[in-house]
Amino acid sequence: MRLFLCLFSLLLFALPGSSQNSFTISGYVEDEASGEKLIAVNVYDNYSKSGSVSNTYGFYSMTLPEDSVLLSFSYVGYQPYIIQMKLDRDTSFNIRLKSSVELETVEVVASEVDRIEENTNMSTVDVPIEQIKKIPALLGEVDVLKALQLLPGVQSGGEGQSGLYVRGGSPDQNLILLDGVPVYNASHLFGFFSVFNADAIKDVKLTKGGFPARYGGRLSSVIEINMKEGDMNEWHGTGTIGIVASKLTLEGPIKKGKTSLIMSARRTYIDILTRPLIKQGFESNGTTGNAGYFFHDINAKINHKFSDKDRLYFSVYTGKDLFYFNERDRDPDNFYATDVDLGWGNLTSALRWNHLWNNKLFSNTTLTFSRYEFDTSVGEEDRYTEGEESFRNEFNIAYLSGIDDVAGRIDFDYLPNPDHYIKFGASAILHRFKPGEFDLGIRILDEFEDYTLDTLFGQDRINAQEIAAYIEDDMKLGDRLKINVGLHFSGFNLKNRFYYSFQPRFSSRYLLPGNVALKASFATMRQYVQLLTNGGLGLPTDLWLPSTERVKPQDSWQAAIGVAKTFRKEYEISLEAYYKRMENVLSYKEGASLFQVVDWEDQVTQGTGEAYGMEFFVQKKRGRLSGWLGYTLSWSTRQFDELNFGKQFNFRYDRRHDISVVASYKISDRVSISGTWVYGTGNSITVPNAQYRGLFSPVSLPVPYQIQNQFTADYFNDRNFFRMQAYHRLDVGIEFRKQKRRYARVWTFGAYNAYNRKNPFFIFEETDFTTDANGNTTRKSVLKQSSLFPIIPSFSYRFEF
């Protein structure tokens, strides 16, 4: 902390002091209709050629020499706002932007100030939420994380799944923030949908590299998802009825102009629709029972404005997945029962206070709570009566794992003059890890004994503390050079072990002739929490665990260089090359299992990872035609001393080529069409190089020669040396909108995998037998492919009022 304060003092001392004839104009930028604060609005003085942006809470500040100013405020999807005035004193001015109606107006503003080459940050993508809603989706369910999978440098874990593998990293290396609160498991339906309801979301931002100093705790990416704040002026809502789920969102003022509320709920009804068929299936077997699966989630947020200087927010998210199976025998004398419940879910909450100390200093203080739990239970009961004899057997086992976080954070934005934008702050987190507890109950009752066992075993819960502090400055050095330099400090305390790390961050932008931006960045990162997962279908049996004396924190450094430019006033084009090195990445040892009772530290091994490649990205955010084209050329490897004979091998999700094309076209005010096409090199998997048939049985008992001859042994040379077939898919959609008197209705029709491509989901080994003309039978082991999704049509009905 001393070093942090010293660096901040030196930085302030080095800043040029504001002269007596310089003044500050500051305030908030918000949506005129709803009062929603707007993030990253461009503020530009056309006379001095100085610019700034509004922060996460809509606050902006610019200090300019005493003179005439011509300020332009611009934001995608909104009409520009222009102020011309004589700046001769400090001025507070709140801006309210109107939604854009005329396309040409937005294009003019974008050509002046909204340029990718103006920013120092690289490896960062903002995707407008309205554009995400246009992307065709599996079963018509709009999914934020699936939209991010379509960006260069980002891959999915498998067919239809919402996991993210960013620049050779694993899912636990992504810091997913919902209103600033970490979400530890972002998946519904065994990984096929994410937990984020698009109707409740305001904006989405992905950072893949060049991390500013304010971010920390993960190696590969930061995904910032901010909820809407609620309309301050009037009540309205949105509802959607789809194939697998329905959702409803309501927002409006509790006290007009002062307090707003937004609530959004979503639930699947697969279990309700299939319940009659499932019950009929049980009855046909002579039993009674039920089985099903559903998920639900709820988002809520209250926003209260005390004054222009103070605002309070409280947001909460809760979501749950539940699979259940219950069966009962109808015969009271020979009775058995089975009960299975598999559930997992998240709870996050945040209380935030924004305060404007003066026209140059803004603070945000946040208290958060986050919980992820995986909870499963299996129970069986078996009893029968025969004459005077009776027997009863009961068996119950429950398993619980998860993580709880209680955290506090304070962040400051300081804008001394247009050439400096300083951010600094600190945070503390109290972690409580639940590595896995088994609650076992057994009872055996008959005429000879009455045996009862009730015990709790597993691994002890672990408490740990994590702290962090940072400072960064986004500064302008002359007309062509801008840099962002910062330092992030973090520490982690577990029992008597304390880890700490100083992580320098740097990114820069230099304007070449022709307004082409040359960008470069370097960042080091450290991660103290570890994830153990099956790595199969994306089941939620994930164990979040701390760094310990034996399991070291994960570290990485990443360097990137690239160019960026805006063409024809609306196309953003970037080309980046990157290299990332990772230390102490985690993997299970050979033969280790998730549900073993032994110490989890004995089941894992640590090694190194390497990822490098090139990304090309073209994006068009506005106009009748919007979308993007992305291409990634990449390599990703792992090396562990205890795996693959210590040799380096391809990461499972190493993908040499990855292409995505996303487009949405507005034919008229009532009709729009959209499409997505993706292509990717097949995943790397491990299969046997050879197979040997033994002459003797591997068991000690004598068996016939015919049985001995059936025993085989597999030989594996290198891990993940075999490639599945390439993956490619086309999704299409069409939307029909009609404005009624009091509401708007929208019908959406689409098709996932429109040309019915049989993409590989997993590979399995099977034995084929062939018989020749002489009756001789030969056997041959072959690999076969299993596919998951054929063409899947979808539709949904949405109403807005």
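The values are calculated or read from the model by the stated rules, or taken from the named source; none is laboratory data. Remember, predicted model here, so these are calculated numbers, not experimental data. Because the Cβ atoms are built from the backbone with ideal geometry, glycine has one as well, and the counts that use them run over all protein chains shown. SASA here: full protein model, heavy atoms, side chains in, ligands and nucleic acids out. Shrake-Rupley method; radii C 1.70, N 1.55, O 1.52, S 1.80 Å.
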Taking residue 139 and the conditions (1) hydrophobic (A, V, I, L, M, F, W, C); (2) open to solvent by 10 Å² or more (accessible area, probe 1.4 Å); (3) in contact with a strand residue (DSSP E or B) (Cβ under 6 Å, 6 or more places away or on another chain); (4) not in a helix (DSSP H, G or I), which numbered condition does it fall short on, given that it satisfies the others? (4)
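Okay, residues lined up against (1) surrounded by 19 or more Cβ atoms within 10 Å (Cβ to Cβ); (2) not acidic (Asp, Glu):
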position	(1), (2)
549	no, no
567	no, yes
600	yes, yes
618	no, yes
627	yes, yes
Can you tell me how many residues in the range 234-249 are surrounded by fewer than 18 Cβ atoms within 10 Å (Cβ to Cβ) and closer than 20 Å to residue 203 by Cβ? 1
Looking at the range 607-614, is at least one residue under 23 Å from residue 720 (Cβ atoms), in a strand (DSSP E or B), at pLDDT 85 or above and charged (D, E, K, R)? yes
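Go through the range 663-702 and report how many residues are outside any strand (DSSP E or B), among the β-branched types (Val, Ile, Thr), open to solvent by less than 40 Å² (accessible area, probe 1.4 Å) and modelled with pLDDT under 85. Steps first, answer last, please.
First pass over the range 663-702, keeping only residues outside any strand (DSSP E or B): 667-670, 681-683, 686-689, 694-702.
Adding the requirement that they be among the β-branched types (Val, Ile, Thr) leaves 667, 681, 686-687, 699.
Of the ones still in play, those that are also open to solvent by less than 40 Å² (accessible area, probe 1.4 Å) are 681, 687.
This time we only want the ones that are modelled with pLDDT under 85, so: 687.
Counting residues in the range 663-702 that are outside any strand (DSSP E or B), among the β-branched types (Val, Ile, Thr), open to solvent by less than 40 Å² (accessible area, probe 1.4 Å) and modelled with pLDDT under 85 gives 1.
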Out of (1) polar (S, T, N, Q); (2) open to solvent by less than 10 Å² (accessible area, probe 1.4 Å); (3) in contact (Cβ under 8 Å) with a residue 60 or more places away in the chain, the one residue 287 does not meet is (3)
Restricting the range 760-801 to residues that are among the small types (Gly, Ala, Ser) and surrounded by 12 or more Cβ atoms within 10 Å (Cβ to Cβ), the one farthest from residue 241 (Cα to Cα) turns out to be 781
If you take just the strands (runs of 3 or more DSSP E) that sit entirely in the range 169-269, which of them hold at least 3 residues that are under 30 Å from residue 422 (Cβ atoms)? 174-178, 201-207, 221-227
Could we say that residue 298 is in contact (Cβ under 8 Å) with a residue 12 or more places away in the chain, touching a strand residue (DSSP E or B) at 6+ places or on another chain (Cβ under 6 Å) and part of a strand (DSSP E or B) here? yes
Any idea which of 646, 623, 630 is small (Gly, Ala, Ser) and under 25 Å from the mean Cα position of the chain (by Cα)? 630
Within the group 518, 456, 487, 430, which residue is under 30 Å from residue 586 (Cβ atoms), in a strand (DSSP E or B), open to solvent by 50 Å² or more (accessible area, probe 1.4 Å) and modelled with pLDDT of 90 or more? 430
Quick check: is even one residue across the range 459-469 of a type outside the set (A, V, I, L, M, F, W, C), assigned to a strand (DSSP E or B), modelled with pLDDT of 85 or more and surrounded by 19 or more Cβ atoms within 10 Å (Cβ to Cβ)? yes
Please pick out the residue among 414, 384, 451 that is within 30 Å of residue 481 (Cβ to Cβ), without any contact (Cβ under 8 Å) to a residue 60 or more places away in the chain, among the aromatic types (Phe, Trp, Tyr) and open to solvent by 50 Å² or more (accessible area, probe 1.4 Å). 414
Over the range 623-644, the set of residues among the hydroxyl-bearing types (Ser, Thr, Tyr) and in contact with a His (Cβ under 9 Å, 6 or more places away or on another chain) is 631, 632, 634
Residues in the range 634-654: is at least one open to solvent by less than 20 Å² (accessible area, probe 1.4 Å), in a helix (DSSP H, G or I) and either in contact with a helix residue (DSSP H, G or I) (Cβ under 9 Å, 6 or more places away or on another chain) or under 18 Å from residue 585 (Cβ atoms) (or both)? yes
When residue 295 is run through (1) over 30 Å from the mean Cα position of the chain (by Cα); (2) under 21 Å from residue 192 (Cβ atoms); (3) crowded, with 16+ Cβ neighbours inside 10 Å, the failure sits at (1)
Exactly one condition in (1) under 27 Å from residue 617 (Cβ atoms); (2) surrounded by 22 or more Cβ atoms within 10 Å (Cβ to Cβ); (3) in contact with a strand residue (DSSP E or B) (Cβ under 7 Å, 6 or more places away or on another chain) is not met by residue 189; state its number. (1)
What about residue 262, is it in contact with a Ser or Thr (Cβ under 9 Å, 6 or more places away or on another chain) and at negative phi? yes
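What residue, among those in the range 722-750 that are within 30 Å of residue 657 (Cβ to Cβ) and among the basic types (Lys, Arg), is most open to solvent (accessible area, probe 1.4 Å)?
Initial filter on the range 722-750 (within 30 Å of residue 657 (Cβ to Cβ)): 722-734, 750.
Remaining after also requiring among the basic types (Lys, Arg): 723, 729.
On the way: 723: 70, 729: 29 Å².
Among residues in the range 722-750 that are within 30 Å of residue 657 (Cβ to Cβ) and among the basic types (Lys, Arg), the one most open to solvent (accessible area, probe 1.4 Å) is 723.
What's the total number of residues in the range 405-425 that are under 19 Å from residue 476 (Cβ atoms) and in a strand (DSSP E or B)?
Selection size over the range 405-425: 10.
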Candidate set from the range 393-411 (those that are of a type outside the set (A, V, I, L, M, F, W, C) and open to solvent by 50 Å² or more (accessible area, probe 1.4 Å)); member that is nearest to residue 344 (Cα to Cα): 396
Can you pull out the residues in the range 339-377 that are among the aromatic types (Phe, Trp, Tyr) and open to solvent by 20 Å² or more (accessible area, probe 1.4 Å)? 353, 357, 369
Which one is farthest from residue 734 (Cα to Cα), of the residues in the range 142-164 that are open to solvent by less than 10 Å² (accessible area, probe 1.4 Å) and either free of Cβ contacts under 8 Å to residues at least 24 places away in the same chain or outside any loop (DSSP other than H, G, I, E, B) (or both)? 154
Output yes when any residue across the range 584-606 is closer than 30 Å to residue 117 by Cα, in contact with a strand residue (DSSP E or B) (Cβ under 7 Å, 6 or more places away or on another chain) and either assigned to a strand (DSSP E or B) or at pLDDT below 90 (or both), and no when none is. no
